[in-house]
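Report on the structure given below.
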Amino acid sequence: MKDDSAALKKIMGKDNVERTMMKAKRIGTAVLVMMFLCVCLSACGSPEERKAKFFKNGEELYKKGEYAKAIINYQNAVKIDPRFALAHQMIGLSNFRLKRFQPAYASLNRAVELNPQLWESQVTLGSLLFAAGKKAEAHEKADLVLAKIPEHEEALMLKVLCLLADSKTEEAESILKSLIVRNPKKEEPYLLLAGLKNRQNLGADAQAILKNLIAQNPQSKKARLMLIAMLERQKAWPEAENEYKALAALDPAADDPKLLLASFYQRTGRPSAAETILLDLVKGHPDKLNPRIQLAQFYAAGKQYDSMVAVLQKAIQDFPKELAPYDILARYYLTVNNSKQSIALLEQYLDKAGSAPAALKAKLLLAGILYPSGNKERAEKLVEEVIKENPQDEAAHVMKGDILADRKDYVTAIAEYRSVLKSSPNSIPVLLRLARVHSLNKEDKLAEDTYKTILNLQPKSESALFGLALLEESRKRPEQALAYYEKIRGFYPHNAGAAIGITRILEGRGEISKARVIHEEMVSRYPNSPLLVNNLAFHLAEYAPTPANLNRADKLLAPFMKTYGKNYHFADTAAWIAYRQGRYAQARELLAGLDAQTLRNPAISYHLGMVYLALGNTAEARSYLNVAAASREPFPGDREAREALKKLAP
């Protein structure tokens, strides 16, 4: 641009021109400032306008399913107006959709405090209360809404759930039928009514309800899946197959219905039909990993391990940065005692994955293999790397706790587990670990309280009940332990672990015949269980050593000795049978192979002492019987061991 300032100076004079230009600059600056303020004021608007704009943005995002972003906008509206009840409601509903139930409850509760007539908030609060087991409070919420809006469908559905929970089936059924009449295409009333009829063993009625729903709403996948489950329980295979095919026809491009059909064929003895579907999916989607994983799992279920390995190796070749095929193959190699191959696979993945999110999972999986394999230092390093990269990784903290517990650093292990429970207070696996470590640290009351916390969350938890039973045994309170074992048997009548615990206590207090009944029952049910067979064989040799019983015990044990003969439990049982039958040299030979530490087990020392006594070696007999008699823990034959030692006294 041409500079005309020199010409102006000639015409107006130098001083006048400079004053004029400075004035123009001031005026220009003022104009710019005014324009900027106008823009800002226009953008910001009044508080009410900004609140409305944030709320509108939130509504648009909520409708798109972008709930996290919607929450930010609703929260901005609440910052402007903390008493904006509708925004509190939408924060709660958004969190509910995201399954963030605690913040959802808090926001919805605030919404109804500000405006009790926000009916959607009231019903959703009722649903959260029902899920938390507070049926009466949930029912109150439903009735509150229905008192104002008798036809409110969601409130009626909530009331139905409460009625069913209280076994008031007739009233619940009446409401469901009225909802079906009012809205014949809505799924939920049909599904609840069908479920009710199914629980009442009215399978034909349940199926008729589902078929009616399908007629009204042919796109209902839930109805077809529920109907399929009922047909499969009846072994109505052709009808079930037709429903699977109809389900697949609803969305021909979707893979999941085809996978369900393949799984059905596999379960019903038509593996070739299942394989055809899976191979077609792999061929049709060369760019997708999931069909290959499904095919590999199909081969694994059919014990076609070579085919499984081939599929996974090809998947690794085609998807080198995807963890799933490495993971499955590594776990398979572990089952065939090839940990080296598992480790090599995971190392290969980590080399290729770089900083991919799944790399952290791979590091933990690798650490879990390395640690028991003896490479503890590398395992610990990997766990620390994961925690450094993601301090919130719960699995890493749990594994660190496990490592610390293995080192007997119980206090620090407890701290790791508790750090996880801060964010996941109801994690039963972590609570079980915490209880176990409290027990190992001789903190019996803390262990007991933790196990009982688990039972509050899951009243039928086998692991918690077992933990309490073992804890009571360690406290020398067999009656309390027995009560827990019997509780397990009440929930799970064929539970072998509970049966073993009960027989141990019964034998300890001399109720041999009762123990014998349970031993026989369990071996009859699980004839190939090495542990149960060994326990019965020992019981016969210890408590009922008739010639017939000893012969039977020997025959029961014989098939397992080739595999388990070096295990001290089996070696000791076989030796005790041989001793009872007068085969003293063979009994000594069976026990002689055990290591020195095992031979200090009081029961085994007693048996070996009696064997040496029968062989006339009183010095060795006295040595082993001394070990047995010195034990403070009771064991089968403890009284006999002390009596035999007294007879050897000089």
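The values are calculated or read from the model by the stated rules, or taken from the named source; none is laboratory data. Note that the structure is a prediction, hence the values are computed from the model and not measured. Don't worry about glycine lacking a Cβ; one is built from the backbone with ideal geometry, like all the others, and counts go over all protein chains shown. These accessible areas exclude ligands, DNA and RNA; they are computed on the full protein's heavy atoms, side chains included. Shrake-Rupley method; radii C 1.70, N 1.55, O 1.52, S 1.80 Å.
On a per residue basis, the chain carries 55 Å² of accessible surface, using protein heavy atoms and a 1.4 Å probe.
Could you tell me the relative contact order of the chain? Use alpha-carbon pairs under 8 Å, at least six residues apart, and round to a whole percent. Here the relative contact order equals 3 percent.
Remark: for residue pairs LYS452/LYS487; LYS99/LYS141; LYS352/LYS400, the C-alpha separation exceeds 18 Å in LYS99/LYS141; LYS352/LYS400.
Can you send over the carbon and sulfur percentage of the accessible area for the range 482-521, probe radius 1.4 Å, protein chains only?
Numbers: 1110 of 1880 Å².
Carbon plus sulfur share of accessible area: 59 percent.
Bridgeable lysines around LYS148 (alpha carbons under 16 Å apart, same-chain partners fewer than 8 residues away excluded): LYS159. Restriction of the chymotrypsin sites (Phe, Trp or Tyr not before Pro) in the range 326-400 to DSSP coil positions whose beta-carbon has at most 11 other beta-carbons within 10 angstrom yields no sites.
What are the lysines whose alpha-carbon lies under 16 Å from the alpha-carbon of LYS555, with same-chain residues fewer than 8 places away excluded? Answer for LYS555, where 16 Å is the Cα cut-off: none of the lysines qualify. In this rough spin-label picture, where each label sits 7 Å from Cα along the Cβ direction, the ALA68-LYS514 distance is 5.8 nm. Both the radius of gyration and Dmax for the chain are 36.6, 141 Å, in that order, over alpha-carbon atoms. Among the listed pairs LYS408/LYS476; LYS245/LYS283; LYS64/LYS283, which are separated by more than 29 Å between their Cα atoms? From LYS408/LYS476; LYS245/LYS283; LYS64/LYS283, over 29 Å: LYS64/LYS283. Of the GluC sites (Glu not before Pro) found in the range 112-152, the ones in coil according to DSSP and having at most 12 other Cβ atoms within 10 Å of their Cβ are GLU151. Cα-Cα over 22 Å: which of LYS134/LYS445; LYS258/LYS288; LYS79/LYS422; LYS340/LYS566? With Cα atoms farther than 22 Å apart: LYS134/LYS445; LYS79/LYS422; LYS340/LYS566. Measuring max minus min along each principal axis, the C-alpha atoms of the range 295-438 give extents of 47, 32, 30 Å (largest first).
In percent, rounded to a whole number, the relative contact order of the range 110-200 is 17, using alpha-carbon pairs under 8 Å and six or more apart.
What the Cα convex hull of the range 515-650 gives, in volume per residue, is 106 Å³. When the solvent-accessible area of the range 101-195 is split by element, carbon and sulfur atoms take up 53 percent of it, the probe being 1.4 Å. In the range 80-127, the ratio of gyration radius to Kirkwood radius, Rg to Rh, stands at 0.94 when only Cα atoms are counted.
Rounded if a/c is under 1.5, else prolate if a/b is larger than b/c, else oblate: which is the range 366-419, with a ≥ b ≥ c the root eigenvalues of its Cα gyration tensor?
Numbers: a/c = 2.25, a/b = 1.11, b/c = 2.02.
Note, shape of the range 366-419 comes out oblate.
In terms of accessible area, using a 1.4 Å probe and ignoring ligands and nucleic acids, HIS139, HIS607 rank largest first as HIS139, HIS607. Nonpolar atom fraction for the range 343-384, defined as the carbon and sulfur part of the 1.4 Å probe accessible area, stands at 52 percent. In terms of overall dimensions, the C-alpha atoms belonging to the range 380-472 reach 40, 25, 17 Å along their principal axes, ordered largest to smallest.
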